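Encoded as structure tokens, the structure appears first; notes follow it.
The values are calculated or read from the model by the stated rules, or taken from the named source; none is laboratory data. As the structure is a prediction and not an experimental result, all values here were calculated from the model. Every residue, glycine as well, gets a Cβ built from its backbone with ideal geometry; the counts of neighbours run over all protein chains shown. Accessible surface areas use protein heavy atoms only, side chains included; no ligands, DNA or RNA. Shrake-Rupley method; radii C 1.70, N 1.55, O 1.52, S 1.80 Å.
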Amino acid sequence: MKGKATSFDIAHYAGVSQSTVSRALRNSPLVNEETRKRVHDIAKKLNYKVDKNASNLRTQQSSTLALLLFEDPTSDDSQINPFFLAMLGSITRACAKEGYDLLVSFQSASADWQADYEDSHRADGIILLGYGDYIDFQPKFNTLLEQNTKFVCWGAKVDNRPDLTVCCDNYGGGKQAAAHFIAHSRTDCAFIGDASDHSPEFFSRFQGFKDELLENNVTLNERKMANAISTEESGYHATRSLIANNIKFNALFAASDLIAIGAIRALKEAGISVPKDVAVVGFDNIAIASYVNPPLTTIEQNTTVAGQMLVENLLKLIRGQEVQSTLLPPLLIARGSS
């Protein structure tokens with residue numbers, strides 16, 4: 001064959017119509033798996049490349065997904081929670097595998113994301129990472145639903161739409177933390193994090209932690225709880241407040257690794273040994289957790305699978321396919337802090 005291969009050439013060799021070739025190359029569910037594979041194999045042999053610009057004009061799609069990050073307070077200028085940085089790599093790889101580009105931005109103050117991305121054909125759907133105060137964020141979810149925006153989010157539950165959320169089993173993770181302390185005879189426990197509806201993921205971790213303790217006849221004293229957002233500084237000051245009030249404990253569960261890292265610093269400054277005097281467990285397993293001194297025991301959320309599922313579920317929504325709610329299992333990583 002002379003010249004550049006076309007979809008008609010592939011149709012000829014595959015023994016199907018040109019429209020079937022187009023659907024197969026888009027991985028449409030309307031084409032059976034055997035035909036899709038045959039079309040892809042022939043396209044590869046012919047070194048065929050889809051003209052994305054032409055295809056996008058025909059389908060009125062951009063072949064781009066938008067990833068909108070919430071600006072979190074951080075100790076550096078990034079304003080990005082390091083947990084989301086790990087997920088960013090996974091999302092990027094999952095998009096590339098599906099032939100999609102990824103547009104990364106912060107969540108704009110306008111919140112008219114339907115107009116900013118879908119209506120303008122800049123993106124076919126939106127992935128949301130982070131939300132700040134959940135109660136303040138809920139109207140944004142409602143707006144997206146009213147506008148029929150194709151979106152998925154990490155962690156936060158959207159009312160009556162569990163299919164739009166990919167999250168870790170935070171409640172189960174909290175239970176694992178408590179079970180770990182109990183197994184090591186550490187039952188005088190403290191909790192640091194936001195145990196309220198303003199932060200539902202932290203609240204679920206707290207509820208699981210408290211319930212596992214109760215199931216083992218251990219009560220969590222409310223005086224041994226301190227509020228904190230997910231920063232090292234907040235964890236540091238929350239722990240200092242407990243110490244300043246002469247509140248004793250031999251185990252501390254922090255709702256995030258960043259909080260736990262700040263807590264360890266405060267304990268050390270007060271001459272309290274970790275883990276000899278106080279065992280500490282965090283949540284997330286961010287990259288730096290294993291390099292803290294002592295290395296941080298934590299509940300891992302699988303960012304690789306999370307990123308893949310966010311992209312997979314969003315593409316199903318875009319293609320009009322059924323999406324199931326996705327709850328990922330947590331995993332306790334035991335290290336030197338406990």
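Collect the residues in region 3-26 that are surrounded by 14 or more Cβ atoms within 10 Å (Cβ to Cβ) and outside any helix (DSSP H, G or I), keeping them in residue-number order.
The answer is 5, 6, 16, 26.
Would region 266-275 turn up any residue that is outside any loop (DSSP other than H, G, I, E, B) and either within 18 Å of residue 204 (Cα to Cα) or open to solvent by less than 50 Å² (accessible area, probe 1.4 Å) (or both)?
Checked against the condition, which is being outside any loop (DSSP other than H, G, I, E, B) and either within 18 Å of residue 204 (Cα to Cα) or open to solvent by less than 50 Å² (accessible area, probe 1.4 Å) (or both), region 266-275 yields at least one hit.
Taking region 241-260, which residues are open to solvent by 10 Å² or more (accessible area, probe 1.4 Å) and over 27 Å from the mean Cα position of the chain (by Cα)?
Correct list: 241, 243, 244, 245, 246, 247, 248, 249, 250.
Any residue in region 275-290 that is on the phi < 0 side of the Ramachandran plot sitting within a Cβ distance under 6 Å of a residue that is charged (D, E, K, R) and in a loop (DSSP other than H, G, I, E, B)? List the pairs, counting only those 6 or more apart or interchain.
279/186
Does residue 181 meet the test of being under 19 Å from residue 135 (Cβ atoms) and of a type outside the set (Val, Ile, Thr)?
no
How do the pairs read when you match residues in region 14-32 that are farther than 17 Å from residue 319 by Cα with residues anywhere that are open to solvent by 60 Å² or more (accessible area, probe 1.4 Å), using Cβ under 7 Å and keeping only pairs 6 or more apart or on different chains?
14/38; 18/8
Scan 94, 54 and give me the residue that is aliphatic (A, V, I, L, M), at pLDDT below 85 and assigned to a helix (DSSP H, G or I).
Step by step, each of 94, 54 is checked, and only 54 is aliphatic (A, V, I, L, M), at pLDDT below 85 and assigned to a helix (DSSP H, G or I).
Take region 312-332 and flag every residue that is of a type in the set (S, T, N, Q) and either farther than 30 Å from residue 177 by Cα or open to solvent by 90 Å² or more (accessible area, probe 1.4 Å) (or both).
Across region 312-332, the qualifying residues are 321, 324.
Do we have any residue at all in region 229-240 that's part of a loop (DSSP other than H, G, I, E, B) and buried (at least 22 other Cβ atoms within 10 Å of the Cβ)?
yes
For the condition in contact with an Asp or Glu (Cβ under 7 Å, 6 or more places away or on another chain), aliphatic (A, V, I, L, M) and open to solvent by less than 30 Å² (accessible area, probe 1.4 Å), what is the one hit in 306, 279, 289, 263?
Result of the check over 306, 279, 289, 263: 289.
Determine whether residue 287 is closer than 27 Å to residue 181 by Cα, assigned by TED's automatic domain parsing to the domain that holds residue 224 and modelled with pLDDT under 95.
Yes, satisfied.
Could you please give the count of residues in region 235-258 that are in contact with a Gly (Cβ under 8 Å, 6 or more places away or on another chain) and either under 23 Å from residue 185 (Cα atoms) or assigned by TED's automatic domain parsing to the domain that holds residue 89 (or both)?
Residues flagged as in contact with a Gly (Cβ under 8 Å, 6 or more places away or on another chain) and either under 23 Å from residue 185 (Cα atoms) or assigned by TED's automatic domain parsing to the domain that holds residue 89 (or both) within region 235-258 amount to 6.
Within region 117-165, restricting attention to residues that are in contact (Cβ under 8 Å) with a residue 12 or more places away in the chain and of a type in the set (Gly, Ala, Ser), which residue is most open to solvent (accessible area, probe 1.4 Å)?
In this case the residue turns out to be 132.
Where in region 293-333 are there strands (runs of 3 or more DSSP E), lying fully within it, with 2 or more residues that are of a type in the set (A, V, I, L, M, F, W, C) and closer than 30 Å to residue 276 by Cα?
By residue number, 331-333.
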